[in-house]
1. Within the range 405-414, is there a residue that is of a type in the set (S, T, Y), surrounded by fewer than 20 Cβ atoms within 10 Å (Cβ to Cβ), within 21 Å of L538 (Cβ to Cβ) and more than 17 Å from the chain's Cα centre (by Cα)?
2. Looking only at the range 237-274, filter to residues that are within 16 Å of the ligand (Cβ to nearest atom) and assigned to a helix (DSSP H, G or I); which one of those is farthest from R207 (Cα to Cα)?
3. Test D546 against the stated conditions and say whether it is charged (D, E, K, R), more than 22 Å from Y424 (Cβ to Cβ) and modelled with pLDDT of 95 or more.
4. Sort through G193, G152, G219, G165 and tell me the only one that's near the ligand (Cβ under 10 Å from one of its atoms), surrounded by fewer than 24 Cβ atoms within 10 Å (Cβ to Cβ) and on the phi > 0 side of the Ramachandran plot.
5. Among the residues of the range 345-377, what is the count of those that are farther than 19 Å from M302 by Cβ and either aliphatic (A, V, I, L, M) or in contact (Cβ under 8 Å) with a residue 40 or more places away in the chain (or both)?
6. Is at least one residue of the range 62-74 closer than 18 Å to Q312 by Cα and either in contact (Cβ under 8 Å) with a residue 12 or more places away in the chain or under 29 Å from the mean Cα position of the chain (by Cα) (or both)?
7. So M151 fits all but one of (1) over 28 Å from the mean Cα position of the chain (by Cα); (2) under 28 Å from T28 (Cβ atoms); what number is the exception?
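The values are calculated or read from the model by the stated rules, or taken from the named source; none is laboratory data. Since we're looking at a predicted model, the values are computed, not measured. Note that each Cβ is placed from the backbone with ideal geometry, even for glycine, and that neighbours are counted across all protein chains shown.
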Amino acid sequence: MFSKILIANRGEIACRVIKTARRMGIATVAVYSDADRNALHVQLADEAIHIGAAPARESYLLAERILDAARSTGAQAIHPGYGFLSENAEFAAACLASNIVFIGPPTGAIEAMGSKSAAKQIMEAAEVPLVPGYHGDDQSPALLRSEAEKMGYPVLLKATAGGGGKGMRQVWSGEEFDEALAAAKRESLAGFGDDTMLVEKYLTQPRHVEVQVFCDSHGNSVYLAERDCSVQRRHQKIIEEAPAPGMTDALRQAMGETAIKAAQAIGYVSAGTVEFLLDADGSFYFMEMNTRLQVEHPVTEMITRQDLVEWQLRVAAGEKLPLEQGDIRITGHAFEARVYAEDADNDFLPVTGKLHYLEPPEESQHVRVDTGVRQGDEISVYYDPMIAKLIVWDESRERALDRLATALSEYRIGGTVTNLDFLYNLATTEAFAQADLDTGFIEKHAESIFHSRAQDIETELPIAAIALLLHKQQARYVATSDPFSPWQYPTGWRLNEPNLHKLTLHLHQQDHEISVEQCSEGYRVSANNKTVLISGELEEDQLRFDLLGHRQRAVLARTDDGFTLYLPNGACHFHEVMPDTGENSAAEGAGSLSAPMNGTIVTLLVEAGSEVEADTALLVMEAMKMEHTIRAPVAGTVDSFYFQPGELVDGGAELLKLTPREES
Ligand code: ADP
């Protein structure tokens with residue numbers, strides 16, 4: 001076994017690898033950029049080497065610097081984590097050439113899977129079932145389009161070098177094809193330096209089910225069950241679980257054996273994931289193989305009680321796989337939710353910020369938090385905006401899902417917008433409890449996930465109103481040194497004095513005028529022409545309330561800009577609109593002509609002086625590795641653009657001038 005390894009990564013995965021190495025008595029070397037000088041992974045490692053500036057291209061992607069760091073510290077092996085250099089065959093080869101073990105598959109296996117099209121050709125030859133599609137070398141737009149027409153719309157364009165859901169576009173008809181192809185190529189070129197595309201039949205309701213495989217260098221291969229990763233936004237996983245609901249032993253075995261066949265076809269060694277699309281009729285198709293440890297590997301660890309990083313280290317050191325297929329047992333059910341700094345209400349736009357308050361749920365045998373940040377750290381524009389992975393386990397899916405909802409409601413993050421309430425809503429949606437899963441889950445259940453139905457607002461408003469009042473009342477009695485505590489609220493509001501109060505709550509993108517009248521039974525709350533009787537008490541963050549004779553519990557969490565109320569069947573976010581604070585920025589957002597965040601202008605889509613209709617795409621900018629299209633909020637004339645392609649813009653900067661058309 002190695003005595004010292006270097007981790008060529010940052011954030012939660014670097015911390016995750018360090019933990020296992022430490023348990024195994026292996027010393028660790030971290031690498032870090034300017035932005036990560038004080039990062040958690042640097043603090044946890046035994047040694048750390050500075051490798052460059054904040055942008056990944058100037059640090060975490062610099063193979064030579066990382067190899068130098070390994071040589072100078074005497075690290076015998078490099079764990080690449082995921083992302084960055086983890087699937088870079090040249091880097092793996094360079095490690096080999098420097099006599100440093102790459103903790104991952106052989107170079108040839110990475111190369112074989114590096115291109116989605118080449119991978120498909122290999123899998124076709126190995127008789128692994130594929131989604132119908134075109135994955136050839138001829139890239140002329142006309143040919144790609146005629147292939148699409150042959151297989152019939154909808155189709156999916158995919159960057160052969162792509163990953164993380166980038167460089168992908170659905171195309172529903174011939175008219176959309178050219179624009180979608182251009183956009184996918186642009187995104188792919190910017191993200192992966194290559195714009196080769198493949199075209200696939202787009203399956204409308206598949207599940208994403210992937211198999212964890214492991215191979216050693218002695219010819220042994222096993223599969224460690226599967227993960228269902230159907231719940232996605234922007235084709236990116238957001239909640240994953242293992243095992244896949246409804247999986248039969250026969251299907252598990254068929255998929256597992258096919259996955260091993262795929263791995264063996266490329267001489268695989270180490271941890272790998274074979275991704276399949278699973279159709280409602282039980283047929284499954286190879287999508288791609290990820291030649292690294294996946295973000296969602298913890299759910300497999302929880303149900304198999306194995307440490308996959310330990311397996312990777314053992315296999316890389318030349319040992320045999322710790323278990324044979326027949327010894328691998330599945331116990332219980334696990335979920336992973338990815339906690340991100342992102343705005344679910346604004347198309348999941350990543351956001352940045354300093355985590356000035358951070359309190360994860362308590363870890364236990366049921367709850368695991370994999371994170372790379374501490375209170376006070378920054379979610380910056382340079383890297384992925386993931387804050388943590390929250391992993392839960394219990395004996396059944398139902399109980400594990402309860403654990404997930406509870407743990408989400410206990411997670412406290414201040415300083416940035418997060419997707420916690422969105423995740424909670426997902427976890428408490430009836431359809432999710434029923435495991436009615438497919439990759440369109442979020443779109444299909446958007447109304448119940450976003451809790452934007454009229455009946456949700458009707459129930460949430462009175463609860464939010466009394467929660468706020470009770471909270472203010474409590475704040476007057478509790479003095480605490482913790483500035484983020486829910487008991488800190490500056491308004492000296494007196495609940496017992498007048499018995500009629502008026503307030504305005506901003507909930508679900510709207511302001512609501514509310515009046516609350518205190519009476520002997522509790523409070524009479526009127527909002528949107530409805531009056532209900534509600535009573536309740538708030539103890540710390542636990543709210544108990546009785547609404548129309550139904551007693552329930554909820555959790556009230558203070559967030560950066562207000563509160564999140566975690567109700568039994570969903571969360572809602574609200575804040576009080578103070579009079580005279582000029583709180584009227586609701587018009588910003590989707591149709592705004594300013595940059596949603598710091599980024600780079602990619603391309604201008606119309607010329608200055610053009611007449612455009614409402615919703616016309618005007619320019620594309622890239623921020624946090626995603627393309628954002630800025631569209632015209634109204635019809636009018638684009639007078640001028642303030643920036644040219646390649647220029648950097650600050651979040652909030654005005655991008656162009658549009659004069660609205662006067663309607664006659
Ligand atoms: P990436 O490497 O960018 O993650 P994948 O090929 O793994 O891209 O696909 C990501 C997701 O896109 C899948 O999980 C699935 O939801 C969706 N997807 C991919 N191919 C298809 C297809 N042919 N039909 C329907 N959905 C697909």
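1. yes
2. Checking each candidate, the answer is A262.
3. Details: charged (D, E, K, R): yes; more than 22 Å from Y424 (Cβ to Cβ): yes; modelled with pLDDT of 95 or more: yes.
Criteria met by D546.
4. Going through G193, G152, G219, G165 in turn, just one is near the ligand (Cβ under 10 Å from one of its atoms), surrounded by fewer than 24 Cβ atoms within 10 Å (Cβ to Cβ) and on the phi > 0 side of the Ramachandran plot: G165.
5. Final tally of qualifying residues: 19.
6. Restricting attention to the range 62-74, the residues satisfying the condition of being closer than 18 Å to Q312 by Cα are none.
Checking the range 62-74: not a single residue is closer than 18 Å to Q312 by Cα and either in contact (Cβ under 8 Å) with a residue 12 or more places away in the chain or under 29 Å from the mean Cα position of the chain (by Cα) (or both).
7. (2)
Residues checked against (1) among the basic types (K, R); (2) out of contact with any His (no Cβ under 6 Å at 6 or more places or on another chain); (3) over 25 Å from A435 (Cα atoms); (4) not assigned by TED's automatic domain parsing to the domain that holds C15:
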site	(1), (2), (3), (4)
K320	yes, no, yes, yes
I330	no, yes, no, yes
D347	no, yes, no, yes
T352	no, yes, yes, yes
Q375	no, yes, yes, yes
I379	no, yes, yes, yes
Y382	no, yes, yes, yes
I387	no, yes, yes, yes
